1. Go through (1) in a helix (DSSP H, G or I); (2) in contact (Cβ under 8 Å) with a residue 60 or more places away in the chain and name the single condition Thr280 misses.
2. Among (1) closer than 26 Å to Gly444 by Cα; (2) free of Cβ contacts under 8 Å to residues at least 40 places away in the same chain, there is one condition Asp327 misses while meeting the rest; what is its number?
3. Consider the stretch 300-353. How many of its residues are open to solvent by 40 Å² or more (accessible area, probe 1.4 Å) and small (Gly, Ala, Ser)?
4. Residue by residue through the stretch 279-299, note down the ones that are open to solvent by 20 Å² or more (accessible area, probe 1.4 Å) and within 16 Å of the chain's Cα centre (by Cα).
5. Within the bounds of the stretch 258-272, is there any residue that is open to solvent by 10 Å² or more (accessible area, probe 1.4 Å), closer than 19 Å to Gly214 by Cα and within 11 Å of the ligand (Cβ to nearest atom)?
6. Can you find, within the stretch 354-401, the residue that is farthest from Ile86 (Cα to Cα) among those that are within 16 Å of the ligand (Cβ to nearest atom) and surrounded by 15 or more Cβ atoms within 10 Å (Cβ to Cβ)?
7. Go through the stretch 206-236 and give me each residue that's in contact with a strand residue (DSSP E or B) (Cβ under 9 Å, 6 or more places away or on another chain), open to solvent by 90 Å² or more (accessible area, probe 1.4 Å) and outside any helix (DSSP H, G or I).
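The values are calculated or read from the model by the stated rules, or taken from the named source; none is laboratory data. Not measured: the values here are computed from a predicted model. Cβ placement follows ideal geometry from the backbone for every residue including glycine, while neighbour counts extend to all protein chains displayed. Side chains included, ligands, DNA and RNA excluded: accessible areas come from the protein's heavy atoms. Shrake-Rupley method; radii C 1.70, N 1.55, O 1.52, S 1.80 Å.
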Amino acid sequence: MPHDDPRRRIPRTDALVAQLSSFHPSHGRDAVTDAVRAAQEAARSGGIDPQDVARHAMDELTSRESCATSLRPLLNATGVVLHTNIGRAPLSAAARDALLTASGYCDVEFDIADGSRARRGRGTLAALRAAVPAAQDALVVNNGAAALVLATTALGVALGRPEVVVSRAEMVEIGDGFRLHELIASAGAVIREVGTTNRTHPTDYADALGPRTGLVLKVHPSNFRVDGFTSDVGVRELADLTTLAERDGRTPVRVPVLADIGSGLLHPDPLLPDEPDATTMLAAGATLVTSSGDKLLGGPQAGIVLGDADVVHTMRRHPLARAVRVDKLTLAALEATVRGPVHPTHRALHLDLHELRARTQAVAQALDASVVDSVGVVGGGGAPGVRLPGWAVALPEHLAASLRAGTPGVISRVESGRCLLDLRCVPAEDDARLIDAVRAAIGGDA
Ligand SMILES: *Cc1c(COP(=O)(O)O)cnc(C)c1O
C-alpha cells in the first residue's frame with residue numbers, strides 16, 4: 001500500500017474493539033468485533049471515510065441496542081438546519097469521537113506529567129482562545145442562558161450593582177415561554193429598560209448609567225426582525241458611553257458591556273450578514289460576548305463566554321459558576337468542534353448547490369418521485385430573514401407519519417399537501433439509508 005493511501009488511516013481492529021467494548025458493555029466481544037470489521041470493510045471499499053470507522057461501528061451497535069436509550073436517531077429532511085425539537089446542532093465525526101474518548105476516565109482535570117490537579121477543560125479553553133484571539137480569556141458553562149445569569153450575578157448583583165441596562169427592543173422571548181430579562185431578574189438583577197420597541201438612542205443609555213449599574217446588556221434579537229422606523233446603539237458606542245460615565249464619576253468603575261450574540265459565530269459569515277460574531281463584537285469594544293455552543297457554532301449544548309481576562313476571572317470564581325459548569329463530554333465535544341474539521345451545521349449552510357441538486361434528483365429517481373423547489377432556513381431561533389434555496393423530493397403527504405416512525409426515523413416537511421424531503425441537512429453518505437427508509441414507509445403503507 002502506498003504511504004499516503006487513505007486505507008492506512010483505518011483504525012486497528014484490537015484498539016477499536018477495546019474502545020467500543022467499554023462504551024457498549026452490554027454487547028459481547030464478538031458482536032463488537034463484527035461491527036468493527038464491517039465498518040473497516042466499508043472504509044476499505046471506499047464506502048466511508050477511514051476517520052468515520054469508529055462512528056459507523058458505534059452507530060451499528062447503537063441501533064442494535066434499542067433498549068439502552070429511549071432516544072431515537074433521526075434523519076433531518078426538513079431543510080431546517082438547527083431544529084430545536086430534534087437537538088439543534090448535530091456533532092461532527094471528530095466531536096463524536098471525542099465524546100467516546102471522554103466517556104471513560106480521562107485527564108479532564110489532571111496533569112499527566114506530574115500527577116497533580118490541572119485546570120479543568122484547559123484544552124477546550126485554549127482552543128476557543130486560539131480561535132478568537134480578540135478574547136483574553138474564555139469560560140464554558142451549561143448553555144447560553146446560564147452564561148447570561150452567571151454574568152449578571154457575578155458582575156452585577158454580587159458587587160452591589162444589580163442594575164442591568166437593556167433596550168426595550170431587546171427584551172426577547174427565546175422559546176418555550178422563557179424570556180431573557182425574566183431569567184436575569186430571577187437571579188436578583190434589576191432590569192433597567194431603556195428606549196422603545198423600535199428606537200433606542202445613546203442618550204437613553206447614558207441617562208440610565210449610575211452607581212448601581214452592573215452591566216450594559218446588548219442582546220441580539222435572534223429570532224425576529226423589526227423593520228421600518230428603527231434605530232439602535234451599537235456595541236462601539238456603548239463602550240464609549242460607559243468609558244465616559246466612568247470618567248464623569250457617574251459610575252464607580254468601568255461598566256462592562258456584554259453582547260449576547262446568541263448563535264455563537266466566532267467570525268463573520270458572509271452568508272449570514274445580520275448575525276453578529278464574537279470577534280467583531282470584541283473588536284468593537286464589548287467587554288464580554290456570550291453565546292450558545294449548539295447553534296451556529298455547531299457543537300454540543302454549552303454557553304460560551306469570551307472576553308476580558310479580569311471579568312472572566314470574576315465569573316469563574318463566583319459560586320454560581322460551579323452550578324452551571326459543564327461535564328467532560330461537553331468539553332471534549334466542544335474542543336473537537338472548535339479545533340476540528342468543518343462541522344455539519346457549517347456544511348449544511350454552505351452546501352454546493354450543484355451537488356445538492358444532483359443528490360436530490362438521484363434520490364427522487366430512485367423513488368420514482370418528483371423534485372420541487374424548497375427553501376430551507378437556519379432555524380434554532382437564528383437568522384430569521386435568511387432563506388436557503390434548494391430542492392426537495394416530493395412525496396404524498398400521508399407518508400410523513402410512517403417516515404417519522406421508521407428506522408431511522410425521517411423528519412420531513414409537510415407543505416402544501418405534500419411531504420417534502422430536503423436533503424440539505426442529510427449527510428450525503430445517508431442518502432441510501434433515506435431511500436431505504438422511504439421504501440419501507442411506502443411498503444408498510446401498501
Ligand atoms: C438561543 C439564545 C439564548 C439562549 O441560549 P441557550 O443556549 O439556548 O440557553 C440567549 N440569547 C440569545 C440571543 C439566543 O439566541
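1. Thr280 satisfies every listed condition except (2).
2. (1)
3. Qualifying residue count for the region: 1.
4. Within the stretch 279-299, Lys295 is the sole residue that qualifies.
5. yes
6. Filtering the stretch 354-401 for residues within 16 Å of the ligand (Cβ to nearest atom) gives 377-386.
Pick out the ones that are also surrounded by 15 or more Cβ atoms within 10 Å (Cβ to Cβ) and you get 377-383, 386.
On the way: Val377: 15, Val378: 14, Gly379: 11, Gly380: 10, Gly381: 14, Gly382: 15, Ala383: 18, Val386: 20 Å.
For the stretch 354-401, the residue satisfying everything is Val386.
7. Arg212, Phe229, Asp232
Each row is one residue, and each column tells you yes or no for (1) in contact with a Pro (Cβ under 7 Å, 6 or more places away or on another chain); (2) closer than 22 Å to Gly382 by Cα.
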{"residue": "Gly177", "(1), (2)": "no, yes"}
{"residue": "Ser186", "(1), (2)": "no, no"}
{"residue": "Thr213", "(1), (2)": "no, no"}
{"residue": "Leu217", "(1), (2)": "no, yes"}
{"residue": "His220", "(1), (2)": "yes, yes"}
{"residue": "Phe229", "(1), (2)": "no, no"}
